[in-house]
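One structure below.
Readers should treat all values here as calculations from the given coordinates under stated rules, not as data from a laboratory. Given the structure is predicted, the values throughout are model-derived calculations rather than measurements. In this analysis, Cβ positions are derived from the backbone assuming ideal geometry, glycine residues included, and neighbour counts consider all displayed protein chains.
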Amino acid sequence: MEESYLPNLPVELLHRIFHFCDVQTILCKISNVCKKLHSIVNQYDQHQLTLDIHKYRTNERSIPDHVLYNRVVSLMTRWHRGSEYQKEIFISALLQCTRLRHLTLHYIDDTSIQSLFQKTDKIKLVSLTIKYCSDTSNTTFRVVSLFAEKSKLQKLSWKDLFYKAEVMSWPDQCKLKFLSIDRCFYSQYSFLLRQLPCLETFQVKDIDIDENSMYLPSLNFSFNSQLTHLSITCCSLSTEHLRSLISKTPKLCELDLIYSAEMFKSLINIHEWEKFVRMELSFLKKFQFFISYEFAENDTVRLDTVIAPFRDSFWLNEKCWFTVCEQGLGKSNSDTISLFTIPVTEPAYHSISRYRSHVQYGISSKDNTYYINDQSKDEITLETVHKTFPVLDLTYDLRLKSSHLQFLAHALQNNQTTVELNLAANEIKALDTQYIVEALLNNTTLVTLSISANNIGDQGMYWICKALDTNITLKELDLHQNLITSNGAKYLSQILKNNNILEKIDLERNYIGDDGARNLAITLKNKPITLEELELACNYIYAEGAKYLADALRKNIVIESASYYFRMILSFFSQTLTKFELSCNKIGAAGVHYIAEALRHNTTLTILNLHNNDIGNEGAKHIADVLNTNQALIALSMTANNIGDDGMSYICKALHKNITLKELDLNENKITDDGAKSLSETLQNNNTLEKIYLKKNNIGDDGATNLAIALKTNTTVTILNLATNKIDITGAQCLYDELQKNTSLKQINLRCTGINDNGVKIIAEALRHNTTLEGLYLSGNRIGIAGAKYLADALRENTTLKTLYLSYNTIGVAGVDYFIEALRYNPIQSLTKLILYPMSDREYISNSNELEARSNVISVLRNSAVFSRSDFEGDVCGYCEVLKIAERIRKNLTSYEKFDEKNIGSAGAQHIGDALRYNTSLKKLRVKINDIGQKGLKYLADGLENNTTYVVLYLDRRIYLENDLSRSIINILANSIFLKLEVKSNQMTNKTIQYLNNILLNNSTLQTINLISNNITSTGARHLSDLLRNHITLTTFCLINNRIGDDGLTYLSPTLKDIKTLEILILSRIDMGPIGTESLANALENNTTLSILRLNNNEIGVEGIQSIMIILQRNKTLVEIDLSNNEIGNEGTRIVADFLSTNITLLKLNLGINEIGLSGVKYLGDALEKNTTLTSLYLRRNDIDQNGIEYFSQSLKRNQTLKQIDVSCNPIGRIGIEYLRDLLKSNTTLIELKIGFNYKNYQGNLVNYTNS
C-alpha cells in the first residue's frame, strides 16, 4: 500500500511537491520509480536548475537538452573563469531556454552579458539577478536596461551596480517593480525614481553623498513615485539627507535602515534619531533598523537607559515595533552597543550579523527583560534572543568587566536554560563576585559554576557562600587558584553545615592551610558527607591540618600520631568518593602507604591522582601491592614522582595480575630503557591497559624497540605517549614495524623526541599501509621540508589518519604547499585536523574547540590555489593564516581584510593576489608592505588589475622606500581606490616623505593621511606640505605625536588653508605653542567644512587659545573641540567661555587637565546658561573644588541641552557630590555624569550616575 501511495496522488499535488526538489532528484530518481511517475515528470515544466560553465558539456551534467530548453523556468548559472569557447556554447544554450522566467548570472563578465542580452529575443524574464560581475560599463548597462524594457522585466538585482545618472539612463517604458543595486549618488536618487515610475521596492547598499548633494538640484523634479519599500543596508546618510529622500516617496510604507559603523558617536545622537523617527516617520507601516555605537573604554553604559525611548507607547503599542539593545561580552565588540528592531530577516540579517559578537548580552523593549545568548544562525526574533544556551563558556582572556558581570547577573536571574557557567581566567576580583551572587540568589537551573584562576580571595568567597546559603541547584563548584586562605575556608565550612546539594568542590592551588583544614573538618565531622569529588591539591596543608580532616572524615577513629593527614583517606574512601586528587602535596612514600591501605578494601574509587608527591620507588611498591588485589581503580596518575626503573618494575609486575586498570600515567619519572623493557614484557600478557603515558622520561631507541615488539601482538593499547624522550631513526624503524602489524593503536605521540627527516620518512612509509592509526603527534622535532614531503605523499594513500600535529618544526612554506597538493588528491579525505604552526602554551593546554579550530588548517589547505611556480618566502604561521584570508576573499565572504599584523611574506601575497582576481565584494584591504616586499607587492598589483577594492596602505616601523618598491606601490594605487595612508612608529626622514609624495603624486582618491609617532620635525613638515598640496580633497589629517613645533605649523598652515574638504584635523602632542596656534588659526579662518578639531597635549596657553577662538567664532561647522592638557588655566577658560556663549554648532568640548579652578568653572557656568547646543563637556583632572561645583551645579539647573559631563578626578569631595546629586533631581536632560575618584575627602573607583 505504501509503495503505491506516491503515484496515486493527484498530478497537481505531485507537481507542487516537485517545486521543493532539485532537478536531479526529479529526473533521475522519481522518474525511474514507475511508468506513471515517469509520465508525470515529463509533464512537469517548472524546473529550477543550477549550471556551471565548466560542467555544461561534460559527463557531470545529467540534464538532457530538451529538459533545459523546454521545461526549466528558473536557472542559476556560474561563469567563473570560463574560456571564450565555453562562453559561446553556454550562451547558445541559454538562448534556447524558451520557458525561462528567472535567471541568475554568477561571476559573469561584461562581454558575456552584452553578448547574451543582445541576442535574446524569445526569452521573457520576470526576474534577473547579476552577481559578482566586474565593473559595469555604460554599454553593458544600456544592453541590460533595453532588455528589461523589451521583456517587461519586473525584478532586477544587480549586486555590484553603481548607478550614475549621467551615463546610465533607463528606457522610458521600463516596468521594473523591484531593483537592488550596490549604490547610487544621493543627488541622483530622484532621477532613478523618475526613470522607473513603476518601481515599488528599492534595495541599495548605500547612497553616496557627492559634491552635488549640498544643493540637491536633482531632487527638485515633481513626479509621482510608486515606491513603497526602501532598504539601505549600509547606510551613511545623515538625518537631513534621509528626510529629503523620504519626502520624494509619498507612498513609502516600509523602510529598512542598516547604519554603517561609526555613524552614531554618542547616546545623544541615538536619542535624537529616535525622536526624528517618532516625529517624522510615523506614517510607516513597517520599519526595520540597526544602529551600532562604540562608547569610550572606561564608560559604563546601561542598556536600559539606551533602550528607554524605544519603550514609548509609540513604539510598543501604536506601531508594534519591538527593539533590542545588545552589547558583546569579552574583548570582541565589548565596547560596542547594537540597537535594532526585531524580527530581523533577510536581507537585513546578513547585513547586521557581522556586527554581532559571539556572545551578547541584551535587553528587549517589549518586556524590558535582560538576556544572554550566542549569535543566532537564522532570523533574529524575540524568541531567539531569549533562547539562552545551556552551557555558557566565557573562559580565558575574555577579560570580563564588572559591567559585563552585572549584565550576566541580570540575564541569569530569570534564566531557565543555562545549567553550566564557566568564568575561568577573567581577572574577576572580590567585588565582582557580588554580581555572580546576584544571579545565584534567583537562578533555579545552574548546576555547574567555575570561577577558577581569578582573584576573588576571601571576600569573594564570602559572597559566593552567601549565595550558596539559599541556592538549591548548584552541584559543582570550581574555585581553584583564587587566593583563598583559611578565612575563605571558614566561610565555606559554615555554609556546608546546611548545604546538601554540592557534590564536587575544587579548591586546588589556594592557601587554606592547616587552619582552613580545621574549619572544614569541624563541619564535615558533624554532617553526612555528600561530596563525590574533593580537590585540595597545592593548599599548604601539613600534618596538623591533615589530623583535623582525618578526624572529621573517620569520625570514630582515634588519631594518635603526626601522620594523620593520610589516615583520613582510610575512612573517606568508605564513603561515596569516586575521584580523589592529591597532587602536589609532597606526601612521600609514607603517605602513599596509607592510601594503599585504604585502597585494599575500597570498592568505589576509580580515579586517583598522585601527581608530584615525591613517592619514589618505595611508594610505587605500595601502589603495586594494591594493584594486585584492587578491583575498582580504572585510572592512575603517578606523574613526576621519581619512581625510576625500580618503581616501574614493581608496577609492571602488579599489572600481570590486575584486570581493571585501563589508564596509566607515568610521565616525568626518570624511566629509562630498562623500565620500558619491563613494561613491554607486561604488555605481552596484560589485556586491559588502553592508555599509557610515558612523556618526559629517558627512553631511547632500545626502549622504543622493546615497546614496539610488545605492541605487535598487544590488542588493547589504543594510546601511547612517548613525547620528549630520545628516539631517533632506530626507534622510528621499530615503530614502523609496529605500525605495520598493530591493529589497535589509534594515537601515538612522538612530540619533541628528536626525530628528523630520515626518521619521519620511515614513519611516513608505515602510514601508507596502516589502517587503524587516527592521531599522530610530531610537533617539536627536526622535521624539515623533505620530511613534510614524505608525510604529504603518505597522506595521498592513507585512509584513516584524522589528526596530525607538526607545529614547532621547520617545514617552511614549501612544506605547507606539499600538504596542499596531497590533500587535493586524497580521495577519502579522512584527515580532519592538521596543525602546522604553534598555538600558545595556554592554547595547547586548554585545547578548546575554538582554539583548535583556529589553528586547524585542513579545510583551507584543501581549497587553496596551486600555482605552477609557487613562491616560498614567508613564515608558516603567517602563510597559513593568509590562506584563510585568501579563501574568504576568493569566495566573496568578506568586505574588509587586513594582514598588516601577519608575517605573510611574498608567498602569502601570491595567494592574496590570486584571490583578488575573482573577488567583487572586498571594499577595504589593509596592507603592511614591509613583510611582503617588492615581489609581494607585484602579486597584489596584478590581482588588483581589474578590482575596485579600497586599499589602506600601512607602512610599519623603519620602512625604506626604494625606487622599485615605489613603482610596485604605484601600480597598486593605479588599479584600486586608495582611500587611506597610515604610517605609524617610523623615523620618517625627509627622503621618506619625498618618496611618499612621488607615490601619491597621481592619486586622486586619497581621503585620509594618518602619520602617528613618526618623529617628523619642522623640516619634515616643509616636505609634508608639498605632499598635502597635491591632495587638497583630504577629509582627515592626523599628525599625533610628532615634533612639528611652531615652525612646522608655519609651513603646513598655508597648505591646510587650501584644503576645502577637511573635516577632521588631529594635531595632538606635536609641540605646538602660541605661535603655531596663530598660524593654524589663520589657516582655518575661512574653513567651512571642519567638524572635529583635536589640539590636546600641546602648550597652547592663553595666547594660543585667544588666537584659535577668535577664528572659530566665525566657524559654523565645528561640532567637537579637544583642548585638554594645554595649560590654559582660568584666563584661557574665560576666553573659551566667551566663545561658548554665542556659538550655536559645538556639541562636544574637552577642557580636561588645564588647571581650571573656581573662577574658570564660574566662567563656564555662566556661558552654559546661554549656550543652547553643547551636549558633552569634559573637565577631568582640573582643580575644581566643592565651591566651584556648587556654582557650576546651579548654572546647570538652567541649562537644557547638556547631556554628558565628566568632572572626575577633581577635589570636589562629598559635599560636591551632594551638589551634583541635587542637580540630577531638577535637571531633566543630563544623561551621564562622571564623578569618579576624587582626592579630597572622598575615594573610590569610577562612579557613573545615570539620570533616568
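Here are some notes:
- With the simple model of a label 7 Å out from the Cα in the direction of the Cβ, residue 1086 to residue 917 spans 5.2 nm.
- Approximating the spin labels as points 7 Å out from Cα along Cα→Cβ, the residue 318-to-residue 1142 distance works out to 4.1 nm.
- Stretchable slack from residue 261 to residue 442, in nm (0.36 nm times residue separation minus alpha-carbon distance): 61.5 nm
- Space enclosed by the convex hull of the alpha-carbon atoms of region 456-514, per residue, Å³: 71
- Residue-by-residue Karplus 3J(HN,Hα) for region 1090-1104, coefficients 6.51, -1.76, 1.60, Hz, glycine and proline x: 4, 10, 10, 10, 10, 10, 5, 6, 10, 10, 5, x, 5, 4, x
- FRET efficiency, 1/(1 + (r/R0)^6) with R0 56 Å, evaluated for residue 1005 and residue 11 via beta carbons: 0.40
- Long-range amide H partners of residue 510 with built H, under 5 Å: 481
- Under 24 Å from the Cα of residue 726 - lysines, other chains or at least 8 residues apart: 670, 677, 691, 695, 696, 712, 741, 746, 761, 789
- Sequence-separation-based contact order of region 596-656, relative, with Cα cut under 8 Å and 6+ spacing, percent: 45
- With 0.36 nm allotted per residue and the present C-alpha distance subtracted, the residue 95-residue 501 stretch has 138.8 nm of extension available.
- GluC sites (Glu not before Pro) within region 404-461, DSSP loop, no more than 14 other Cβ atoms inside 10 Å: 427
- Scattering profile of region 393-483 at q = 0.14, 0.20, 0.22, 0.25 Å⁻¹ [log10 I(q)/I(0), Debye over alpha-carbon scatterers]: -0.40, -0.88, -1.10, -1.48
- For region 607-620, 3J(HN,Hα) per residue [Karplus equation, 6.51 cos²θ - 1.76 cosθ + 1.60, θ = phi - 60°, Hz, x = Gly/Pro]: 10, 10, 10, 10, 3, 6, 10, 6, 7, x, 6, 5, x, 4
- Backbone HN-Hα couplings from phi across region 726-731 [Karplus 6.51/-1.76/1.60, Hz, Gly and Pro as x]: 10, 9, 10, 5, 5, x
- Inter-label distance, residue 1058 to residue 579: 7.4 nm, where each label sits 7 Å from its Cα along the C-beta direction.
- FRET efficiency for the pair residue 46 and residue 715, taken as 1/(1 + (r/R0)^6) with r the Cβ-Cβ distance and R0 = 60 Å, rounds to 0.55.
- Of all lysines in the structure, those lying under 16 Å Cα to Cα from residue 124, and not within fewer than 8 positions of it along the same chain, are 150, 152, 155, 175, 177.
- As a rough guide to protection, the peptides 1197-1204, 672-679, 453-460 ranked by mean Cβ packing within 10 Å, highest first, stand as 672-679, 453-460, 1197-1204.
- Of the residues 481, 421, 460, the one whose Cα sits farthest toward the positive end of the charge dipole of region 393-483, with +1 on the Cβ of Lys and Arg and -1 on the Cβ of Asp and Glu, is 460.
- Fully extended contour minus Cα-Cα distance, from residue 1033 to residue 253, at 0.36 nm per residue: 277.0 nm
- Interatomic Cα distance distribution for region 1102-1146, bins of 10 angstrom, percent: 27, 61, 12
- Grouping the Cα pair distances of region 1014-1066 into 10 Å bins from zero gives a pair-distance distribution of 26, 59, 15 percent in increasing distance order.
- FRET E, pair residue 1099, residue 877, Förster distance 41 Å, beta-carbon r, rounded to 0.05: 0.35
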